[in-house]
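Here is the structure we will look at.
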Amino acid sequence: MEGPTLNLRRIPDKLNGAKPMEHFVKRETPPPKFSESSNLEFALLASEKLPNYGSLDLFHRAVYPFMFLAECFAIMPLTGLRESNPRHVRFSYKSLPMVVTVLFMIATSIMFLGMLKHLLTIGISAKNFVGLVFFGCVLTAYVIFIRLAKRWPQLIRLWTKTELVFTKAPYEIPKRNLSRRVLLAGLAIIGLSLGEHALYQVSAILSYKRRIHLCRNITEEASFDNYIQKNYDYVFQLLPYSPLIAVLVILVNGALTFVWNYMDLFIMMISKGLSYRFEQITVRINKLEHQEVSESVFIQIREHYVKMCELLEFVDSAMSSLILLSCVNNLYFVCYQLLNVFNKLRWPINYIYFWYSLLYLIGRTAFVFLTAADINEESKRGLGVLRRVSSRSWCVEVERLIFQMTTQTVALSGKKFYFLTRRLLFGMAGTIVTYELVLLQFDEANRRRGLAPLCA
């Protein structure tokens, strides 16, 4: 995303002896020779010492714990994530993380095909179709994350190169730094998703035990083997049953639930990393209010703003497919859960799980949109101060920066079909309400039937 060409000419200082708030940008000199030629590598002089990346407030250091955790669940098959220097991050098809990813994809494909065969046998309806959608979304997410992992080494190097300037003066580190913000969001999503999955398992196990206990026509005893065969019967339409396969089914199902939640968590981490830097630009602009500032300062600010917009465009091109999948996934599951709001459930634990799952899903979806919308909000928060710049400090760079902030859509997108802004969140909410009213009318006959016989 490119803005107008920067005007880097020096002009005489017109402050009439007034002391500027920031130092002037030095006069340009011929570019020196760099130690690396790639435009996505760090532009470091041959004589320049590498920075201590481990001590800097960088995005790579903020997200690596969650990306390393995701690797354990076969997401983002990369090596070198634990290194503080992002140039050590590598992607290779011939690596252990990639082998683990392929194994999980095979397991997901088996569960998808098993569910498809099961639905073709019993008949497909709007309510039993949800399992097929779940496995399909997770399988698609694995493919998208592999494509993203191939571009991640270049992306994280460009990201680090761009944000190095924000780790030193005149930019300030906010009270809640980037690592803390990402950590809080990550722990919240992982903790709530673990609660949701645990409640699902408890609800399924208790329902299974009570059915066996109350139904006299069922002679079988409650056991682990019988529970797995009943609850995951679609898997054993393709595979023979064994205790080892049963344990693997439970582990794989938990891993797929993590992937299903990690899509949104990853988008939130990316959004927090980008909005954090735009926030630093806004803070710097706000500190210029009521000050006499030279044009060179505004040249530097706009240059940094343009660099962040270019980084955003590069990130968006790499992960817009994931954003599109996440939005479609959330829209479908919110509508599905709302469709069951008026259905009767048999046991109290079923109600507890259902309402927890529904509220968590709605909250997670809203959190993703609001976090991503912060990028767009932060990119425009400095407009008020820029429009109040005094006539003595007004220059063409201020006018260009205002024009760029007001006309350019600075936001992540879903393949450019839509941009993640707060306006989109309210539009999506209205769409859900409209379609939900239609679905409830079509589902009225099923709701009147009530619960199926317990011992049938």
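Would you call Phe417 open to solvent by 40 Å² or more (accessible area, probe 1.4 Å), of a type in the set (A, V, I, L, M, F, W, C) and at pLDDT 80 or above? Taking the combined requirement at face value, the residue satisfies it.
One line per residue, one yes/no per condition, for (1) aromatic (Phe, Trp, Tyr); (2) at pLDDT 95 or above; (3) open to solvent by 10 Å² or more (accessible area, probe 1.4 Å); (4) in a loop (DSSP other than H, G, I, E, B):
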site	(1), (2), (3), (4)
Tyr227	yes, no, yes, no
Asp233	no, no, yes, yes
Leu239	no, no, yes, yes
Leu244	no, no, yes, no
Phe258	yes, no, yes, no
Gln291	no, no, yes, yes
Phe298	yes, no, no, no
Arg302	no, no, no, no
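For the stretch 363-376, filtering for residues that are open to solvent by 60 Å² or more (accessible area, probe 1.4 Å) and within 18 Å of His304 (Cβ to Cβ) leaves 0. Of all the listed residues (Ile106, Ile75, Ile110), the sole one being among the hydrophobic types (A, V, I, L, M, F, W, C) and either open to solvent by 80 Å² or more (accessible area, probe 1.4 Å) or touching a His at 6+ places or on another chain (Cβ under 7 Å) (or both) is Ile106. With respect to Val396, is the statement that it is farther than 20 Å from His197 by Cα, surrounded by fewer than 17 Cβ atoms within 10 Å (Cβ to Cβ) and of a type in the set (Val, Ile, Thr) true? Considered against the rule, which asks whether it is farther than 20 Å from His197 by Cα, surrounded by fewer than 17 Cβ atoms within 10 Å (Cβ to Cβ) and of a type in the set (Val, Ile, Thr), Val396 comes out as yes. Given the criterion open to solvent by 50 Å² or more (accessible area, probe 1.4 Å) and either under 24 Å from Cys72 (Cβ atoms) or not in a loop (DSSP other than H, G, I, E, B) (or both), identify the matching residue among Val334, Val283. Selected residue: Val283, the only one of Val334, Val283 that is open to solvent by 50 Å² or more (accessible area, probe 1.4 Å) and either under 24 Å from Cys72 (Cβ atoms) or not in a loop (DSSP other than H, G, I, E, B) (or both).
Restricting Leu359, Leu345, Leu325 to residues that are under 30 Å from Val202 (Cα atoms), of a type in the set (A, V, I, L, M) and touching a Phe, Trp or Tyr at 6+ places or on another chain (Cβ under 6 Å) narrows the list to Leu345. Residues that are touching a Phe, Trp or Tyr at 6+ places or on another chain (Cβ under 8 Å) and small (Gly, Ala, Ser) within the stretch 91-122 comprise just one, Gly114.
The set of residues in the stretch 176-227 being of a type in the set (A, V, I, L, M, F, W, C), touching a helix residue (DSSP H, G or I) at 6+ places or on another chain (Cβ under 9 Å) and more than 19 Å from Tyr353 (Cβ to Cβ) consists of Leu178, Val182, Leu183, Ala185, Ala188, Ile212, Ile218, Ala222, Phe224.
The values are calculated or read from the model by the stated rules, or taken from the named source; none is laboratory data. What you are looking at is a predicted structure, and each value in this text was computed from that prediction instead of being measured. With ideal geometry, Cβ positions are generated from the backbone for all residues, glycine too; neighbour counts draw on all protein chains shown. Side chains are part of the model used for accessible areas, which takes the heavy atoms of the whole protein and leaves out ligands, DNA and RNA. Shrake-Rupley method; radii C 1.70, N 1.55, O 1.52, S 1.80 Å.
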